[in-house]
Protein chains: 2
Amino acid sequence: MPTGPDLNAIRAAHKRIAPQIHRTPVFTSSTINETSGAQLFFKCENFQTTGSFKIRGATNAVLSLPDTDAKRGVVTHSSGNHAAALARAAAMRGIPAWIVMPSNAPEAKKMAVLGYGGQITECEPTLAAREATATVILERTGANLIHPYDNPRVIEGQGTAALELLEEVSDLDLVMAPVSGGGLLSGTAIATKELHRDIRVAGCEPQNADDAFRSMRSGKLEPAAKAETIADGLRATLCPLTFSILRERVDEIIPVSEEEIIAAMKLIWERMKIVIEPSAAVAAAPALFRKLSARGNRVGIILSGGNLDLGNLPF
Amino acid sequence: MPTGPDLNAIRAAHKRIAPQIHRTPVFTSSTINETSGAQLFFKCENFQTTGSFKIRGATNAVLSLPDTDAKRGVVTHSSGNHAAALARAAAMRGIPAWIVMPSNAPEAKKMAVLGYGGQITECEPTLAAREATATVILERTGANLIHPYDNPRVIEGQGTAALELLEEVSDLDLVMAPVSGGGLLSGTAIATKELHRDIRVAGCEPQNADDAFRSMRSGKLEPAAKAETIADGLRATLCPLTFSILRERVDEIIPVSEEEIIAAMKLIWERMKIVIEPSAAVAAAPALFRKLSARGNRVGIILSGGNLDLGNLPF
């Protein structure tokens, strides 16, 4: 029987998914280090298959299904990186993937899903419509719902990015990841704290979508913020599973302003010559702009992805 | 006595400059390979110190100066990547660098030179004014003119990028580099042909700045084209030294349209998640868009740099 997410499960996930994903490089930059006053180690999930870390969790979830369940396929509702990741993970196992996407999802996101052979069902752009549509498909097909983060196998898969980072870079003082639904941050925190209890773990979140910050402060799940953020991958809210993991293992949630997100993104593009999406910049901003007492520290930063519309940049 | 550029000199240059430059990675992309119908190996000089390959030649030239000459410093006139590269190479040796820049040079380029401790002298934005200003400085200081490409030590330094590529990737059929003044292409052709006589070498050039194409066809140095190109690093023309090397060792010059340059740049940013400048895209465009019979071939492409104004993108 599968147990809850822990280091052993993350190690098992890594072994399971390794043949289907990239081992992404860890980048450093001396000019970025000068700017930040710390030594920063960037885990480049923007170079990951499908352009984001999401393929780790999706692949682990799909490969963990028993054959009898798997053959009925998988379902999710997502307008973002999880959609393409699940389509690709399903294609690699040779099973169908039904992806419920809001009718206003960007064309590029739809093309990515179709490119991996996913079957798109469009719906009204509301959470209620997405869930209802997914339920209809589930009932019709008997397929398996693969939630983007409220799923232990997904969390374990996402934890493999931190596992690789910690294998490669020694003596880190702090590991930072963006937080939205909390799948990546949960996996990151489990891997980090079980390997090195003394490494701090911080989640970074847009100020405009700061439900994790408020939930950690109040001790109960707070609703989504109303404001918009450029970090379109970070608009989801924690679920009970990820919230409980975060409360136990994450030291701090750091809100990041829209201006800082854009400035961090531009700085990393300019100096490191890599394309990262706004959600990835959220995790870099606090270290870049000295919001934490990171001076002299060795900081691991998970750059979550590199998918964005080049025709619509904020600078 | 130093001899003309050959493989031994390139090997010596590599040993000389290795402590001061990055060994840049070679990137591949399965989706890019699908698009091109060939196997492409990208030598990522956009990740090089100063953001371009130019630091290789500048460092080799500066380190090759005898102490008595070196202490008087170095001079060049450039509005591009060579300016920052020479400033940085001089700083590493602890000697002054005077950089003559046109008054309309982008602020970012000036800041890069100043950041490395270079001393900027501004002049009217004409070649005559640049050369006259450099001459005045040379006479006043007794410093050494380091031309961006009409210099054997610079050519040998630029050849080290191909040397690294060929060490890392076996069985290449074709190596491609952009051509402007011809320093990079000369060094690339020498390294490639002396290591593997049967590998083809192609230079890629904007159609709008196609003097190398015309010169190779007519057999004499043709003047610069009048039209503008987005590939701002590729507006120089061959000199007798680089022309003679190209005639002997380059198989083909491929003109690339402005539309192809922009499309190649966008494709590489989107799919490979790396920031490359238009001049680098010029070398990738022919392989990406099947202008060469590269199907099934293994093609090495030197991505020359990643410096550009993010606030002024062509897409």
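The values are calculated or read from the model by the stated rules, or taken from the named source; none is laboratory data. Just so it is clear, the structure is predicted and the values come from calculations on it, not from any experiment. Note that we place each Cβ from the backbone using ideal geometry, even for glycine, and neighbour counts take in every protein chain shown. Side chains included, ligands, DNA and RNA excluded: accessible areas come from the protein's heavy atoms. Shrake-Rupley method; radii C 1.70, N 1.55, O 1.52, S 1.80 Å.
Each part gets one Cα centre, and for the stretch A:248-299 versus the stretch B:142-219 those centres are 39 Å apart. Give the shape of the stretch A:55-145 as rounded, prolate or oblate, defined through the alpha-carbon gyration tensor: a ≥ b ≥ c are the square roots of its eigenvalues, a/c under 1.5 means rounded, and otherwise the shape is prolate if a/b is larger than b/c and oblate if not. Because a/c hits 1.5 or more and a/b fails to exceed b/c, the stretch A:55-145 counts as oblate.
Answer rounded, prolate or oblate for the stretch A:150-285, using the Cα gyration tensor with square roots of eigenvalues a ≥ b ≥ c: rounded when a/c is under 1.5, else prolate when a/b is larger than b/c, else oblate. The shape class here is oblate.
For the stretch B:210-266, the list of trypsin sites (Lys or Arg not before Pro) that fall in a loop by DSSP and count at most 15 other C-beta atoms within 10 angstrom reads B:K220, B:K226.
The angle separating the long axis of helix B:81-93 from the principal Cα axis of greatest extent in chain B is about 60 degrees. Summed over both chains, the area buried between B and A is near 1300 Å², taken from the accessible surface of protein heavy atoms with a 1.4 Å probe. Relative protection proxy for A:38-46, A:170-178, from highest mean packing down: A:38-46, A:170-178 (other beta-carbon atoms within 10 angstrom).
Residue by residue along A:25-35, Cβ atoms of other protein chains within 10 Å of the local Cβ number 1 on average. Considering only B:T76, B:L114, B:L127, the residue lying farthest towards the positive end of the dipole of the stretch B:55-145 is B:L114, judged by Cα position with unit charges set on Cβ. Accessible surface calculations at 1.4 Å, restricted to protein heavy atoms, place chain A at 39 Å² per residue.
For the stretch B:93-201, the Cβ-based charge dipole about the Cα centre amounts to some 360 debye (Lys, Arg positive; Asp, Glu negative; other atoms uncharged).
Counting, for every residue in A:304-313, the Cβ atoms of other protein chains within 10 Å of its Cβ and taking the mean gives 3. Ligands, DNA and RNA left out, the accessible area of chain B computed with a 1.4 Å probe is 50% carbon and sulfur. Taking the C-alpha atoms only, the angle from helix B:183-195 to the longest principal axis of chain B is near 60 degrees.
Where only DSSP H runs of four or more residues are counted, chain A gives -14000 deg cm²/dmol as its mean residue ellipticity at 222 nm, each run worth -39500 (n - 2.57). Take A:L221, move 7 Å from Cα toward the beta carbon, and the resulting point lies 7.4 nm from the same point in each other copy, nearest first. The residues B:L313, A:L221, sorted by heavy-atom accessible surface at 1.4 Å with ligands and nucleic acids left out, run A:L221, B:L313 from largest to smallest.
Residues A:L127, B:L292 ordered from highest to lowest accessible area at a 1.4 Å probe: A:L127, B:L292. Straightening the chain between B:A108 and B:L127 buys 4.8 nm, computed as 0.36 nm per residue apart minus the Cα-Cα spacing.
Distances from A:P25 to itself in the other copies, using label points 7 Å out along the Cα-Cβ axis, amount to 0.4 nm in increasing order.
Within straight-line reach of B:K273, meaning a Cα separation under 23 Å, sit the following lysines at least 8 residues removed in sequence or on another chain: A:K43, A:K54, A:K109, A:K110, A:K266, A:K273, B:K43, B:K54. Solvent exposure of A:W98, expressed as accessible area, is near 30 Å², computed with a probe of 1.4 Å over the protein chains only. Residues of the stretch B:263-282 that lose at least 40 Å² of accessible area (1.4 Å probe, protein heavy atoms only) when the other protein chains are present, relative to their chain alone, are B:W269, B:K273, B:V275. Rounded to the nearest 10 degrees, the angle from helix B:152-168 to the longest Cα principal axis of chain B is 30 degrees. Judged by the ratio a/c of the largest to the smallest principal axis of the C-alpha gyration tensor, chain B counts as prolate, that ratio being 1.5 or greater while a/b is larger than b/c.
Potential lengthening of the chain between B:D67 and B:Q119 amounts to 16.7 nm, from the contour at 0.36 nm per residue minus the alpha-carbon distance. Measuring only protein heavy atoms, the 1.4 Å probe finds B:T135 accessible over about 60 Å².
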